[in-house]
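The values are calculated or read from the model by the stated rules, or taken from the named source; none is laboratory data. Quick caveat: nothing in here was measured; it's all calculated off a predicted structure. Neighbour counts are summed over all protein chains in view; Cβ atoms, including those assigned to glycine, are modelled from backbone coordinates with ideal geometry. The accessibility values were calculated without ligands, DNA or RNA, using every heavy atom of the protein model including side chains. Shrake-Rupley method; radii C 1.70, N 1.55, O 1.52, S 1.80 Å.
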Amino acid sequence: MRRPLLTFAVLLTLAIGSLGAGPADTPSLPDRMADTGGGSQLITAEAPDTGSTTGTVTWWERRGGRWAEAGSTPARFGANGLAEGATREQGTSTTPTGLYDLPYAFGIEKAPAGTRYAYRKVNEDSWWCQDNASASYNRWVEPRPADCRADEAEHLVSYGTQYARALVIGFNYERPVRGRGAGIFLHVDGRGATAGCVSVPADAMAEILAWADPEREPHIAVGTTSGPTAITRY
């Protein structure tokens, strides 16, 4: 009788070990990505597909050589879903997919306690120029220059809810391509889908700003669960 009991005990041990090892062995989302920007912090904004206007924003950090989740929240995307960032067109109300840096933060409200990012306070003269004919295309301007038409710019102070606090997403920012799009941010939720930005609840935005450390070179990856715009491609 000793051998069958021993065999049963071994099989039971292996089964329990296998059950416990499964989830732990599943690579995290950042570990499955082609690139995470080279830093030790990362924000992922993932939608089920390109037609989605909702999804999830998760922020991650490297701990002990592994990516660990630091927080997560529901997110909103463009009213017309998501589009490949390299070919996106301005005015389509789509959120550009891709991997981007986060140049600086801004807001109508003061920065949350612990914010380490450069934080620019919005005032009555603060605008974001989206005029393709302007030398200031896809830039914060203060005051608005003559070559940037008011109807082709966002008066930042007018968006009291959305721009209470925000992070600039470096889409089409370093070398702007005219017609590609301007003014893409990670900001506070408004009433519904965005015009192309990524938005999250106000408490989550405050938490992200208190967590993000520019010395750790955080980036944001925007994409879908699968397909040509899968977040793992970026």
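Quick notes on this structure:
- Whether the stretch 154-234 is rounded, prolate or oblate, judged on the alpha carbon gyration tensor where a/c under 1.5 counts as rounded: rounded
- Across the chain, C-alpha contacts under 8 Å between residues 6 or more apart give a mean separation that, scaled by the residue count, equals a relative contact order of 27 percent.
- Surface share of carbon and sulfur [accessible, 1.4 angstrom probe, percent] for the chain: 52
- Per-residue ellipticity at 222 nm from helix content only, as computed over the chain with -39500 (n - 2.57) for each DSSP H run of at least four residues, stands at -5000 deg cm²/dmol.
- Basic side chains Lys and Arg get +1 at the Cβ, acidic Asp and Glu get -1 at the Cβ, and with that the dipole of the stretch 30-233 about its Cα centre reaches some 180 debye.
- Cysteines (scope the chain) whose Cβ has no counterpart Cys Cβ under 4.7 Å: CYS197
- By DSSP, the beta bridges lying fully in the chain are antiparallel in about 65 percent of cases.
- Ranked from largest to smallest solvent-accessible area, with a 1.4 Å probe on the protein heavy atoms, GLU69, GLU152, GLU61 come out as GLU69, GLU152, GLU61.
- Gaussian network model of the chain, springs between alpha carbon atoms under 10 Å - residue of HIS219, HIS155, HIS187 with greatest fluctuation: HIS155
- Linear extension gain, GLU152 paired with ASP49, 0.36 nm per residue minus alpha-carbon span: 34.1 nm
- Just checking the listed ones, ALA113, ALA221, ALA86: in the Gaussian network model of the chain with Cα springs under 10 Å, the one fluctuating most is ALA113.
- The stretch 102-151 - charge dipole about Cα centre, Lys and Arg +1 at Cβ, Asp and Glu -1, debye rounded to 20: 300
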